[in-house]
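Step one of this worksheet: look at the structure below.
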Amino acid sequence: DGELNLATLRQANSADRQVAIFPELPGEEDRKQLEKPEDFATFTLEDRTYSAVGVLARVIKTLNFPDGGTRLLVRGLKRIKYLDSGVVKQVRYVHYENVPEYPAVQSPDDKFEGEALKKVVENLFQRLSLVSAPPEELRLGVANSENSAHLADLLADSLNFTVWEKILMLAQTSVNDRLKTLCILLQRESEVADLSMKIQSEVHEAMSQSQREFYLREQLRAIQQELKEDSRNPDIIELEEKMAKSDLPEKVAEVVKRELSRLEVIPQNAPEYHISYTYVSWLLDMPWRIYSEDKLDVVSAAKILDADHYGLRDVKDRILEFLAVLELRKGDETAKAPILCLVGPPGVGKTSLGQSIARSMGRKFVRFSLGGMRDEAEIRGHRRTYVGAMPGRIIQNIKKAGTNNPVFMLDEIDKLASDFRGDPASALLEVLDPAQNKSFNDHYLELDYDLSKVFFIATANTMDSIPDALIDRMEIIRIPGYTSLEKREIAKKYLVPRQLKDNGLENRKIRINVSAINEIIDYYTREAGVRQLERTIARVCRKLARKMVAGEISDNEPLTVNGEKVRELLGIRKYLQDEAERRPEIGCVMGMAWTSVGGVILPVEAEMIPGGKGELKLTGSLGKVMQESAAAAYTFVRSHADKFKIDLKLLEKNDIHIHVPDGATPKDGPSAGVTMTTALVSLLSSRKVDNRLAMTGEITLHGKVTAIGGVREKVIAAFRAGMKRVILPKENAKDATELPDEVKKNLQLIFVSRVEEVVDLALNFNKKPEKK
């Protein structure tokens with residue numbers, strides 16, 4: 001206790017001033033922190049555990065404090081080991097023995113190990129000195145240490161080890177053991193010092209950069225205040241001015257204000273700043289409540305449409321009807337714009353018609369080509385979390401138009417594709433649905449946008465690849481191919497004047513007359529539209545321009561280009577007038593087909609192969625439906641052989657080969673049944689087919705002729721090919737009303753309901769059969 005210790009101290013001061021000090025060991029939990037607690041030699045005194053190895057020390061000074069406490073300043077003399085203790089006249093005495101620093105007999109290995117450990121300790125201390133800068137006295141003491149024991153005790157006392165680690169160093173009687181422990185502790189202190197230095201360096205650099213930026217901003221603010229300039233971010237001032245001029249919906253204004261508040265506190269060099277700034281700019285640039293005023297003059301709109309395009313009566317009527325409805329519902333906010341889909345072959349003017357519609361209505365026009373698009377984000381936009389995110393093309397083009405009610409053309413909607421990035425056609429369902437597009441949600445804007453006033457016009461060459469759900473949302477208007485008469489009028493009114501101007505011949509005395517146009521249409525082009533016709537007229541103009549520059553044509557003399565001049569300029573004719581000029585043949589019948597580029601004439605040939613087994617062979621890249629039509633025709637002919645005066649032995653001993661020329665082009669569809677039946681009957685009855693007769697229609701096994709599609713395109717193709725008669729299913733009689741007057745006037749249309757009628761018309765069974 002305290003009184004006993006003070007009495008012992010007074011006794012020591014009166015004698016040789018020497019005391020024995022033994023450190024008290026920690027409790028069980030704390031002792032686990034020591035590296036080798038089992039190495040301690042201990043003794044227990046008054047329920048306390050002490051290290052058996054202690055220090056014999058001399059008392060240098062005694063300090064008494066006002067609170068009654070006493071402190072000693074001692075100097076260690078040597079290690080001692082506890083043997084026994086007792087109390088005599090209130091003074092504690094200890095019996096001890098000296099602990100030698102080195103054993104009396106030391107092996108050479110121990111000496112070598114000791115020298116090596118001493119060098120390792122000195123190297124570790126030097127490494128620690130580079131990063132922690134110990135006191136100069138300590139470095140001198142280490143450099144001048146006489147032996148390993150002195151070095152170990154000096155470092156254990158001076159360095160920042162824990163109390164328990166220092167007790168461990170004291171308790172180890174072997175110098176080599178103390179040096180090994182010291183190596184471990186120095187290595188740890190060195191690594192801790194390295195890590196501390198690294199952390200301090202990083203913190204210092206971060207603080208220095210932050211302080212530098214703060215200092216520069218404060219300088220800039222002071223300069224701006226001195227110059228009486230606004231110290232706020234000019235980007236935010238610009239956005240606020242733009243917001244003040246914009247008429248934003250309430251929800252949009254709230255989002256803009258929130259984003260501007262965020263911009264105030266975000267550093268300008270942070271990535272989030274530019275993301276937020278771009279987002280606010282998009283919101284402010286969108287024409288939320290801007291509408292262009294419609295020209296609701298139906299008469300004027302009709303004149304504009306007629307001036308820009310020849311024909312296309314159905315489309316023009318639909319546009320004028322819409323304008324009339326707009327005029328009646330003027331001021332009604334619930335009125336919705338129509339969604340049209342123009343379907344027709346290339347070159348008939350679908351895309352340019354959109355521009356004419358916009359001009360006739362006084363609206364802005366934007367065009368967006370969907371051909372080959374595979375990414376759904378092109379329609380709906382990207383989330384703002386993506387790098388380089390932008391709104392979809394719908395919102396981009398609305399911003400480009402600057403109004404909320406432009407004429408928006410979705411070109412080539414049948415050329416959409418889909419892959420792992422999504423299905424753009426499905427994304428268009430919301431855009432083209434009048435019940436949903438009032439609140440179209442772009443992923444970038446994340447705000448509902450009203451598309452109900454946008455006049456959407458989609459264009460397509462064919463409807464086969466358009467999803468049914470998308471077709472259901474649009475009003476389909478078919479634009480058929482042009483007749484020769486229509487092409488002639490288009491060339492006279494639009495193509496020839498445009499090409500004369502584009503090729504520098506506008507003010508020259510050059511005139512391209514009707515015979516030249518007819519020559520180009522009949523013998524140099526074969527198409528449903530007029531693109532190839534315009535390119536061919538351009539070729540004629542370029543050749544005239546070259547001759548004029550070369551001096552072969554006088555600049556002042558008038559020149560009329562006729563059909564003969566066209567042949568001179570363009571060379572030999574590319575097409576014969578038509579297949580119809582060929583002689584009638586047995587087993588060859590003219591069919592009609594409808595493709596994405598318009599109607600075409602499709603000859604069907606049948607031939608007999610002797611020595612067969614009555615099998616049917618089909619060639620010409622025929623699709624599955626067409627093959628089934630051929631099988632149905634073959635079955636019908638065999639089952640009605642008596643009616644058509646056909647010898648069944650011919651079918652049993654010969655194979656039949658049906659071929660559709662131009663084998664490299666795939667063909668399919670359910671409209672070649674009557675053609676194949678007629679070809680088979682012609683072959684097996686040896687009767688020639690009228691080569692100016694074309695036919696189309698599907699058949700059943702019982703001989704009924706069923707309806708087909710694309711009547712207008714097919715009949716126009718037959719007319720263009722020089723046919724005189726066309727056989728059609730009776731169910732398609734209603735489609736004949738859509739045919740141009742020129743076609744109905746020059747082409748005989750025959751409607752049938754049975755295959756027998758077709759065979760009688762094509763083969764004329766009143767005559768005797770011919771021999772091949």
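The values are calculated or read from the model by the stated rules, or taken from the named source; none is laboratory data. Bear in mind the structure is a predicted one, so any value in this text is a computation, not a measurement. Virtual Cβ from ideal backbone geometry, glycine too; neighbours counted across all protein chains shown. Note: accessible area is taken over every heavy atom of the protein model, side chains too, but ligands, DNA and RNA are not part of it. Shrake-Rupley method; radii C 1.70, N 1.55, O 1.52, S 1.80 Å.
Just a few scattered comments:
- Summing charges over all other residues whose Cβ lies under 15 Å from the Cβ of LEU728, with Lys and Arg as +1 and Asp and Glu as -1, gives +3.
- The longest stretch of the chain left intact once loop-based chymotrypsin sites (Phe, Trp or Tyr not before Pro) with at most 13 other Cβ atoms within 10 Å are removed from consideration, loops following DSSP, is 1-290.
- Across the range 687-694, rounded Karplus estimates of 3J(HN,Hα) from the backbone phi angles (6.51 cos²θ - 1.76 cosθ + 1.60, θ = phi - 60°) give 10, 6, 9, 4, 6, 9, 10, 10 Hz, Gly and Pro being marked x.
- Antiparallel DSSP beta bridges within the chain, percent to nearest 5: 60
- Here is the result for the range 108-139: no GluC sites (Glu not before Pro) lie in DSSP coil with at most 11 other C-beta atoms within 10 angstrom of their C-beta.
- Principal-axis analysis of the Cα atoms of the chain puts helix 250-265 at an angle of about 40° to the longest axis.
- Under the combined filter of DSSP loop state and at most 16 neighbouring Cβ atoms within 10 Å, the range 629-685 retains these trypsin sites (Lys or Arg not before Pro): LYS643, LYS645.
- Each residue of the range 304-309 was assigned a 3J(HN,Hα) from its phi angle through the Karplus expression (A = 6.51, B = -1.76, C = 1.60, θ = phi - 60°), giving 5, 5, 5, 5, 8, 9 Hz with x at Gly and Pro.
- The apolar share of the surface of the chain, taken as the fraction of accessible area on carbon and sulfur atoms (1.4 Å probe, ligands and nucleic acids excluded), comes to 50 percent.
- Of all DSSP beta bridges confined to the range 494-643, the antiparallel ones make up roughly 75%.
- Electrostatic tally near ALA417: other residues with Cβ closer than 12 Å to its Cβ, Lys and Arg +1, Asp and Glu -1, net -4.
- For the chain, the longest principal axis of the Cα atoms and the long axis of helix 350-361 meet at an angle of about 90 degrees.
- Over 23 Å [Cα-Cα, the range 504-605], rounded percent: 41
- For LYS613, a cut-off of 26 angstrom between C-alpha atoms picks up these lysines, skipping any fewer than 8 places away in its own chain: LYS624, LYS643, LYS645, LYS649, LYS653, LYS688, LYS771, LYS772.
- For the range 551-652, the list of GluC sites (Glu not before Pro) that fall in a loop by DSSP and count at most 10 other C-beta atoms within 10 angstrom reads GLU552.
- Overall dimensions of the range 224-383 as given by Cα atoms, namely Rg and Dmax in Å: 22.7, 72
- Seen through its C-alpha gyration tensor, with square-root eigenvalues sorted a ≥ b ≥ c, the chain comes out prolate because a/c lies at 1.5 or above while a/b is bigger than b/c.
- For the pair the range 600-629 and the range 510-555, the centres of their Cα atoms are 41 angstrom apart.
- Short-range pairs are left out: with C-alpha atoms under 8 Å and at least six residues apart, the relative contact order of the chain is 7 percent.
- Seen against the Cα atoms of the chain and their longest principal axis, helix 175-226 is set at about 50 degrees.
- Accessible surface, the chain, averaged per residue in Å² (probe 1.4 Å): 54
- With a cut-off of 10 Å between beta carbons, the residues surrounding ALA302 carry a summed charge of -1, where Lys and Arg count +1 and Asp and Glu -1.
- Spatially close lysines, pair count over the range 304-460: Cα under 18 Å, gap of eight or more or interchain: 14
- Projecting the Cα positions of ASN405, PRO249, SER515 onto the charge dipole of the chain (unit charges on Cβ atoms of Lys, Arg, Asp and Glu, taken about the Cα centre) puts SER515 furthest along the positive direction.
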